[in-house]
Amino acid sequence: MLKKLFNNKKFIFIFTFTVEFILYYFFEHMPFGGEYIVADVGIAPVFGMMFGPIGGLGQALSSLIWQLAEGVDPMASLIDFAIMFTISIIAYKLWYTTFTETKINTPKFNSTYNILKFLIIALIVSIVYWALIYISFEAYSKMYVIYPLSSFIAKTAYVLNLFNFTLIFGIFFISIFNIEELPMQTPDKWINLIDIDDKYFLLGFTLLIGYITVVQIFHIDNNITDNIFFGLTVIMAILFCLNKFEANIEVRVIKYSIIEKIILFFLIILSILFFVIFDELVTISLIFTYNFNEDYIQLFNLCFGSGMMILFCMFHIYHVEKTITNPIYGLIDSLNHYQNNENTEPDDNYTEKFEKYLKNNDDMSRLIESFITLRNNIENYLNNLKKTTAEKEKIETEFKIASNIQSGMLKTNFDEFSNDKPFEIYGLMEPAKEVGGAFYDYFNMDGENAAFVIGDTGGTGVSSTLFMVKTMQLIENHSKFDPDLEKLFENVNDLSFQRNDDKLFVTSWFGKLNFMNGKLSFVNAGHNPPLVKHDNQDFEYLKIKPDYLIGGMENARYEKHELDLSPGDMVFLYTDGAIGRKNNPESYCNDELLKETVNKYKDEKLENMIKGIKNDLNSVYNYDNPIDDITMLVLKYNGCESYE
């Protein structure tokens, strides 16, 4: 809820107006420090740094209303309003345009760098405030002043008053906002009337501080010189407010670390402790300020206390940075190296970065040791991953080559027995992996007979493919010398069994078709029963008990069967993968689905028939992710009348 409110400029104005209203009343009417303590002016640069122009406007307007209500001269009140608003703008722009590191952020006390930056800005703003008060009094005698402008102590009092309370209020409010993660207004559009490099303004403010320091140390009192120098300071302050402002800070949701919150809590405790022991500080400071006007002693007490507070803060933050923050940020940077480096090359200097922290036998050193071990493991893993990836790519390339070789071994010129030839044939084989273990083949045996065969090894992959190739070659080669199919398969089986250390096997269905009379002789070595169509009827399973599969047992015996085909008869062969038996075990009880699907396309051309069957069964057996090779082969006998 608060985060949403502080993103609204109207609420920021109301907030800063109310805080100034309360502080003005408290320090004006409560017995704290006497009439020479004007604490509420310190809130102007703080709200300027935190909220920008809207914060400075709320504070200055609240102060203006109080002064008018108390009867202060209207013109003097307006001048004071302008001074308050100006120093808030100067603090705002100094934070975002000077002393900037690689990242510009909202006011934070998470490092000694930011503490020093805040101190320098508070000092510059305090001296500019003194110059504005001095020139305003010289220009308008009714200007309300707290301290006389003649003495050394009085001049110093103006600087100390704003500087002390800027530190106290700044540490308190900025720390609270950081702990609660409340948003602060970042630079927005600004009137860019002039374009001067900010470093010249910083140089001018530095010279101003140097001049004031010399004047006060050596008690130089020259009204003419003061008027000129203070006049230049006022001109420089006005020009700085009107100068370009292109910080372009993006509003971000910042999650503060545990370490930062510890620092902020420490700062808040110090600021509260300062008020608690204020009386003790007064007693100590009297040793050094007993000759001073007692009206100013409180200011020096405040300066002493705030200085001690800042000093403790810096020592604390430096220790936290050295022992906790820097090692953790170093770990974070090293981890981000992998994310930001596309080549994921290791940072060779990361061990040197942490070498000084490893000397300490504490939790941080053990954390860093664990990180170094983890990082080394990651580097080793990345190197191994590169090698594995390269080897995998090499294997995939070799598989692709093997797949192309296998595809080249399977015949695809189905026109060889088409176009007015004794029979037509068409086949399809899609491996489940890069290479498969299923196959089909067809070839002429002599002038009157042709052979066609289908087979499936007991697995997939390279070993099955090699065994498949061996079996194909054995069948084709022996078919030329062993016209007796029983003897053919007995020889192929015995040769396949030899040196079969992987215990592989092949199921196969081999057919020998005579062109002249349509007689089909066949052997079934453990393969699926074919579907046969006679006399323009439907396909039916050819239920003949299969013999033993090839390569599983030596000296196996095989039986030849015969079947007479008439013109128009067809034989459909397939493997387990075609009916998805490994994808879907239910298909063992659903062979009727295959028969119905084949009969659906029985009158189509053979190519369209195979493709139609595959597409229909795909929805049932999920061919898109097969775990077994898909193989189909269909033969149609046309008769010898067209054969020459």
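The values are calculated or read from the model by the stated rules, or taken from the named source; none is laboratory data. Since this is a predicted model, take the numbers as computed values, not measurements. No Cβ is skipped: glycine too gets one built from the backbone with ideal geometry, and neighbour counts run over all protein chains shown. Accessible surface areas use protein heavy atoms only, side chains included; no ligands, DNA or RNA. Shrake-Rupley method; radii C 1.70, N 1.55, O 1.52, S 1.80 Å.
The table below gives the values:
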read-out	value
Every pair of residues 6+ apart whose Cβ atoms lie under 8 Å, when the first sits in the stretch 535-556 and is free of Cβ contacts under 8 Å to residues at least 60 places away in the same chain and closer than 23 Å to K636 by Cα while the second is among the polar types (S, T, N, Q) and surrounded by fewer than 17 Cβ atoms within 10 Å (Cβ to Cβ)	D535/S566
Selected residue (only one of L593, L573, L617 is at pLDDT 90 or above, under 56 Å from the mean Cα position of the chain (by Cα) and either outside any loop (DSSP other than H, G, I, E, B) or among the small types (G, A, S) (or both))	L573
Number of the exception - L182 against (1) modelled with pLDDT of 65 or more; (2) of a type in the set (A, V, I, L, M); (3) part of a helix (DSSP H, G or I)	(3)
Index of the failed condition, S407 passing every other in (1) of a type outside the set (D, E); (2) in a loop (DSSP other than H, G, I, E, B); (3) at pLDDT below 70	(2)
Whichever residue in the stretch 508-519 is free of Cβ contacts under 8 Å to residues at least 60 places away in the same chain and of a type outside the set (G, A, S) and, among such residues, is surrounded by the fewest Cβ atoms within 10 Å (Cβ to Cβ)	K519
Members of the stretch 492-507 found to be over 12 Å from V453 (Cβ atoms) and crowded, with 21+ Cβ neighbours inside 10 Å, listed by number	N493, S496, L504, F505
Residue within the stretch 79-99 that is on the phi < 0 side of the Ramachandran plot, of a type in the set (S, T, N, Q), surrounded by fewer than 19 Cβ atoms within 10 Å (Cβ to Cβ) and not in a helix (DSSP H, G or I) present	yes
Checklist (1) out of contact with any Ser or Thr (no Cβ under 8 Å at 6 or more places or on another chain); (2) modelled with pLDDT of 70 or more applied to D198, failing item	(1)
Subset of the stretch 39-78 (residues that are crowded, with 20+ Cβ neighbours inside 10 Å and not in a helix (DSSP H, G or I))	G52
Flag if F489 is part of a helix (DSSP H, G or I), surrounded by 15 or more Cβ atoms within 10 Å (Cβ to Cβ) and within 55 Å of the chain's Cα centre (by Cα)	no
Residue within the stretch 390-398 that is at pLDDT 75 or above and either surrounded by 12 or more Cβ atoms within 10 Å (Cβ to Cβ) or of a type in the set (A, V, I, L, M) (or both) present	yes
One residue from I121, I133, I115 being open to solvent by less than 20 Å² (accessible area, probe 1.4 Å), β-branched (V, I, T), modelled with pLDDT of 75 or more and touching an Asp or Glu at 6+ places or on another chain (Cβ under 9 Å)	I133
Number of positions in the stretch 201-226 that are at pLDDT below 70 and not aliphatic (A, V, I, L, M)	9
Residues that are open to solvent by 30 Å² or more (accessible area, probe 1.4 Å) and in contact (Cβ under 8 Å) with a residue 40 or more places away in the chain, drawn from the stretch 452-486	G458, T460, V462, S463, V469, D484, E486
